[in-house]
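Input: a single structure, listed below in structure tokens.
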Amino acid sequence: MSVLSLKHAVECIERAIAKAQALGFKVAVAVVDEAGHLVACHRMDGALWVTPEIARAKANAAAGFQTSTLDLEERFNKGRQLFAGNVASLPEYNFVFGRGAVPIVIDGRPAGAVGVSGAVPADNDHTIADAAAGPLKAAAPSPHS
């Protein structure tokens, strides 16, 4: 098991906020470990109150399925949908399968994910999450994963 430290999480959030500011968006950024437990979350001043919850749910989906929510959204749009709609929940977890979350990999192993919400359209959430993951970004999964 790879450990996602608070230091790694805060570094991801700092990269996300810098990218969001450069693009002119106010977002929330959530970082979860490989089991979907929250490590850190920041909401920029002026971001909608709900954005931290959405960012975390996106991060949960990316961590749980070990792929980006961009990939999950594309899979679901091709008819391989596991859940109805764009949001699903388990008793302790919410998942959002829309763009805006990227897995974090440390030493070649899944360590968690970073999720972003607030940069409409969601392509911008994905761009910010991708920048946030930085050197901890996962390699693209195979199409059969």
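Laboratory data are not the source of any read-out in this text; all were calculated from the coordinates shown. Not measured: the values here are computed from a predicted model. Reconstructed Cβ throughout: ideal geometry from the backbone, glycine too, with neighbour counts over all protein chains shown.
List of remarks:
- Cα gyration tensor category, rounded, prolate or oblate, for region 2-43 with a/c compared to 1.5: prolate
- Model label zone, HIS37; criterion: amide N under 14 Å from point 7 Å along Cα-to-beta-carbon; scope region 1-16: 1-6
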